[in-house]
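Visitor: Okay, handing you the structure first.
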Amino acid sequence: MHDASESTFSKISLHSSTDVSSQLFTGDILSNSVSLINLFNVIFTRLHPLFSIDCGAILVYDEQITVIREAYISTCISGTSEIHTETINQPSELSALQKNIAEFSFPVIKSIDEWQEEEGQNHCLVNGEAHYKYHCYIPLEKGNKILGTLELHNNSGEFSAECLTFCSSIADLLSDIFYLPHAQLITPDNQYASSGNNDQEQISKGRPKSAVNPHLLSKLAERVTQINETNSLDDFFNHAGKLFPRAYKKIKAQLDEINAFIRQKEDEALYIPQEDTALHNYPEIIGAGPKMRKVFALMDQVAPSASSVLIMGETGTGKELIAKAIHKASTRRDRVMISVNCAAIPANLIESELFGHEKGAFTGATDRRIGKFELADNGTLFLDEIGELPLDLQVKLLRVLQEKEIERVGGKATIKTDVRIISATNKDLLTEVEQGRFRRDLYYRLNVFPINLPPLRDRVEDIPLLAAYFLNKYGNKLTGFAQKAIKQMTNYSWPGNVREMEHLIERQILLSTKPVIREINIPTILKTIADSEGAPQKIKTIEENERDHIFAVLQICNGRISGEQGAAKLLGVPATTLNSKIKKLGLNKKHF
């Protein structure tokens, strides 16, 4: 075996004289930067997963079909998906069996049993290395002349009709690459298109008399260099199609059909969730991506301390869950954590809720009440939606945080408290400070250790894990999600974040009649824009605006379409055109 760089055939040289005409059956007229071994590697990398092909080989013969001038071999390394491609550039004489194969003028499929019965041996170019069970041989033919053979081998099963059809088209493309009729390089008008019936004439004449156009050779070399730089089968064929339209037309249709089939299978395939193997100490929090790993690292740093924590994030990102996890990992874990939603308590009651009140402190205060600060003594107090706290209460909260003591409403005695504060908000508190809605001194007191939670749309790698978690939580009888459903969820923006996802999956489980959720009813997001007064206005499509405008004009004209007082005249269109639009837009004359 030899490296591709040593190959006289895989590295194609560019000549400017008519000497290139003697190279009828090689690619030597192309740019020396082009490596056919790389092109075959691109093709085989896709053929292997498409049709379970374990080995592929291209054999290039001499003009008399007595010698293998060069061979390209791609094999799938056993137990992996890795593809190894190499070239044999030492000419070797065809054996009797290889001569028999070289004379196939149409695709032939054989099994190891058939070869044993007919020839007493199995056959593969690399037979000494791997005894493949199933074989396919497709001639590389141009103008009724055999140029080589495309061999395919596998151990998994017989080659399907789809595989044979598709690979035959690839053989046509390879034939065009190995034999480029010189007529297409001489006339600038044909843009490298195949010369069709002239192929046989070129072969029979042997050597064209016309000189090669150096400009066209240069452009051809540029095209082939682009082919060499492709890294997918689709890109390869798109670039190759500009050089070889005859083969491209057939193979492109088949490639589109196969890709559509693959997408359908991927959509229908069952998604198998991977376990959350992230190395963190918070099993109740689902997340393995880099953004959540940063959050876990911050939690590890602050949890053992008594410092105040400010958790910031959009609605539904799990701020309270993070607060509970920090408390659970702290030295106060054996004491209670009290949660207060500052947005859910009326402004006139929130002081009593936080600090408590004495009997008779105000109308309706029939008993003494212990406030949240007292209840959370030696524990943790979680102040959710802290940005909604009224300004007058912000002053009192600041004093409590500074002095570490409270006074009940209506009381005179001060009560010492030892409380760790964890607060959360979905607002930008710094902006609130700048606009005078939040006290700056309180902001700095709370913002000792900030933690920013990423929105779900920024951690899409965690969506499959979350989906599997919620499925297990709400739908024990369901098997899982189809790949299509997972793809829908990863493509959605999730304005409500994890909370929205949880409720959506719970609803989908209730509606599901099958063990696998194959599709998610993703909500349609209404696009809006603020008007001059700040009120949201729906963004309409061009078609919706056209429909509304036509409808308004028809109402002005009392439904009249033609004539001087008709809508068509006002809109500046023929009456027939307006009638057509009315029908297309679903307008009904009874509404005019």
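The values are calculated or read from the model by the stated rules, or taken from the named source; none is laboratory data. The structure presented is a predicted model; accordingly, all values stated were derived computationally and were not measured. Don't worry about glycine lacking a Cβ; one is built from the backbone with ideal geometry, like all the others, and counts go over all protein chains shown. All accessible areas refer to the heavy atoms of the entire protein, side chains included, with ligands and DNA or RNA removed. Shrake-Rupley method; radii C 1.70, N 1.55, O 1.52, S 1.80 Å.
Visitor: With a Förster radius of 41 Å, plug the Cβ-Cβ distance of Leu401 and Asn472 into 1/(1 + (r/R0)^6) and report the FRET value to the nearest 0.05.
Guide: Details: r = 41 Å, r/R0 = 1.00.
My answer for the efficiency is 0.50.
Visitor: Another one. Any idea how far apart Ser92 and Ser493 come out in nm if each label point goes 7 Å out from Cα toward Cβ?
Guide: Simple spin-label model gives 6.1 nm for this pair.
Visitor: Determine ³J(HN,Hα), in whole Hz, for all residues of region 161-175 in sequence, where each value follows from phi through the Karplus function 6.51 cos²θ - 1.76 cosθ + 1.60 and θ = phi - 60°; x replaces Gly and Pro.
Guide: After applying 6.51 cos²θ - 1.76 cosθ + 1.60, I find 5, 5, 5, 5, 5, 5, 5, 5, 5, 5, 4, 4, 5, 5, 4 Hz.
Visitor: From the cross-link list Lys99/Lys145; Lys484/Lys584; Lys328/Lys396; Lys294/Lys324; Lys324/Lys487, which pairs have alpha carbons spaced over 26 Å apart?
Guide: Values: Lys99/Lys145 15 Å; Lys484/Lys584 33 Å; Lys328/Lys396 28 Å; Lys294/Lys324 18 Å; Lys324/Lys487 31 Å.
Those over the limit are Lys484/Lys584; Lys328/Lys396; Lys324/Lys487.
Visitor: Now a separate question. Would you mind calculating the gained length between Asp458 and Glu432 on full extension (0.36 nm times residue separation, minus the Cα-Cα distance), in nm to one decimal? Walk me through the numbers on the way to the answer.
Guide: Values: separation 26, 0.36 × 26 = 9.36 nm, distance 2.45 nm.
My answer for the length gained is 6.9 nm.
Visitor: Grab the other residues whose beta carbon is less than 15 angstrom from that of Thr513, score K and R as +1, D and E as -1, and report the net. Write out the running numbers ahead of the final one.
Guide: Working: positive: Lys477, Arg507, Lys514, Arg518; negative: Glu519.
The answer is +3.
Visitor: Rounded to the nearest 10 Å², what accessible area does Val108 show when all protein chains are kept and the probe is 1.4 Å?
Guide: 20
Visitor: All other residues with a Cβ under 13 Å from the Cβ of Ser305 taken together, and with Lys, Arg as +1 and Asp, Glu as -1, what is their net charge?
Guide: +1
Visitor: Of the cross-linked pairs Lys319/Lys427; Lys291/Lys427; Lys427/Lys540; Lys319/Lys477, which ones have a Cα-Cα span greater than 22 Å in the structure shown? Can you show the working numbers first?
Guide: Details: Lys319/Lys427 12 Å; Lys291/Lys427 20 Å; Lys427/Lys540 29 Å; Lys319/Lys477 30 Å.
Beyond 22 Å: Lys427/Lys540; Lys319/Lys477.
Visitor: At R0 = 45 Å, how high is the FRET efficiency between Tyr444 and Leu570 if r is their beta carbon distance? Nearest 0.05 is fine. Working shown, then result.
Guide: Values: r = 64 Å, r/R0 = 1.41.
Approximately 0.10, to the nearest 0.05.
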